[in-house]
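For reference, the structure discussed in these notes is given below.
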Amino acid sequence: MKSLRLAEIPTIAITSLLLILASDYSGFAQTPAPPPTLAPPLISLAEARVIIDGAVAFTRDQNLNMAVVVVDAAGNLVSADKMDGTTINNTRFAEGKANLANERPDRYFGIMNMYPGKVYLVGGGVPVTVDRRLVGAVGVAGLPQGVDEKAARAGIAAWEKFRQNIKK
């Protein structure tokens, strides 16, 4: 058997490593993680549309125009709508109000940093809960002070009625 010189050992080690890597040897590779399973949304698109339709119906009865947004518990947009005659800015304001309803008011400065230009400290954001569990929020913008919150609550009332009909 031929003996190796000390100078040849690093070359052999590097060559062996390169051959292992080139041969697609999976012994060193990490097993890929399974894809994450997503939890079902706590508020579905269909439910968000019921809320929006309820808020729009309330607003039409008042002969007013507004934008309404429904977000999930994490503040992600589920659905949004704006009535004719309402500016697109009101949609952004409504989203900010909905996100604010999801957070504690004492976190104002943190929220302002997390959602720059999307959070407004005015009424019109109402949390949506099921069995005291936050599932989302509704934001309404473009209505007179106090009326936007009433529109959001009208949408939530329509949603609660919808949920009761589903349970039957």
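Just so you know, all these numbers are worked out from the coordinates, no wet-lab data involved. Values in this document were obtained by computation on a predicted structure and should not be read as measured data. Note that each Cβ is placed from the backbone with ideal geometry, even for glycine, and that neighbours are counted across all protein chains shown.
Stretched out straight at 0.36 nm per residue, the stretch from Asp61 to Arg133 would grow longer than its current Cα-Cα span by 22.8 nm. Considering amide H positions built from the backbone, and no H for Pro or chain starts, which residues 5 or more places from Ser79, or on another chain, come under 5 Å of its amide H? Under 5 Å from the amide H of Ser79 lie the amide H atoms of Val70, each far enough along the sequence or on another chain. Among 65-72, 159-166, the peptide with the highest mean count of other Cβ atoms within 10 Å heads the list, and the full ranking is 65-72, 159-166. Around the amide H of Val128, modelled in the peptide plane, lie the amide H atoms of Val135, Gly136, Ala137, Val138, all under 5 Å away and 5 or more residues distant in sequence or on another chain. Karplus-derived 3J(HN,Hα) values for region 71-85, using 6.51 cos²θ - 1.76 cosθ + 1.60 with θ = phi - 60°, are 10, 7, 4, 8, x, 7, 4, 9, 7, 8, 8, 9, 7, 3, x Hz; glycine and proline are entered as x.
Could you put Val128, Val56, Val140, Val78 in order, starting from the residue whose Cβ has the fewest other Cβ atoms within 10 Å? The partial results should precede the final answer.
Values: Val128 28, Val56 21, Val140 32, Val78 24.
In order of increasing Cβ crowding within 10 Å: Val56, Val78, Val128, Val140.
What is the diffusion coefficient of region 122-168 in µm²/s, taking the Kirkwood radius over Cα pairs and the Stokes-Einstein relation at 10 °C with a viscosity of 1.306 mPa s? Value of D from the Cα-based Kirkwood radius: 141 µm²/s.
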